[in-house]
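Let me begin by presenting the structure, written as structure tokens, before commenting on it.
Values quoted throughout were computed directly from the atomic coordinates according to the rules given, and no laboratory measurement underlies them. Note that the structure is a prediction, hence the values are computed from the model and not measured. All Cβ positions, glycine included, derive from the backbone under ideal geometry; neighbour counts span all protein chains shown.
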Amino acid sequence: MKKACSVELIGVYAGTMKLEIHFHQMDSTDALKTHIEGAADKLSRYVEDGELVKVVLGTNGHHQLSCEIFWHDKDQHKDVFAKEQGSEMYSLIDTVVDKAHAQLKKLHDKKLDRQHKKEPLKKAST
């Protein structure tokens, strides 16, 4: 018998983002939720107020564990998606958060570069 999918909305995290955790065919534990919240601290710098970050933890039919993170940037109309499969859930969470962090940092840096190119150069006053 398969386990049902459960969803838990953690709420506003670190005053900025909303964290939604889905457990697919596995039981939710406080330890996993705490680990995800701690790891998600890396992402909160790049995610705007009130935006939703979805985390999906689960198993597939081959006894492999999987972890996914999804976030949509409304300003730039870009998606950040990271997925990993393996046998150790805590290391999967860390790996996926690191992948998402790298994507978010790249988007953030591109946004800053575009803003700097738009600003006119100021003349030095003599």
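Kindly write out, for the stretch 78-94 in residue order, the coupling ³J(HN,Hα) from the Karplus curve 6.51 cos²θ - 1.76 cosθ + 1.60 (θ = phi - 60°), rounded to whole Hz, with x marking Gly and Pro.
10, 10, 10, 9, 9, 9, 8, 10, x, 10, 10, 5, 5, 6, 5, 4, 4
Peptides 58-71, 75-88: what's the order by average Cβ count within 10 Å, highest mean first?
Values: 58-71: 15.9, 75-88: 13.2.
Ranking, from highest mean packing down: 58-71, 75-88.
Can you list residues whose amide H is under 5 Å from Glu84's amide H, if they're 5+ apart or on another chain and H is modeled 1.01 Å from N?
HN-HN under 5 Å from Glu84: Cys67.
If packing is taken as the average number of other Cβ atoms within 10 Å across a peptide's residues, how do 35-46, 19-30 rank, most packed first?
Peptide ranking by packing, descending: 35-46, 19-30.
Taking the Cα atoms of the stretch 6-118, what is the range of coordinates along each of the three principal axes, in descending order and whole Å?
51, 26, 20
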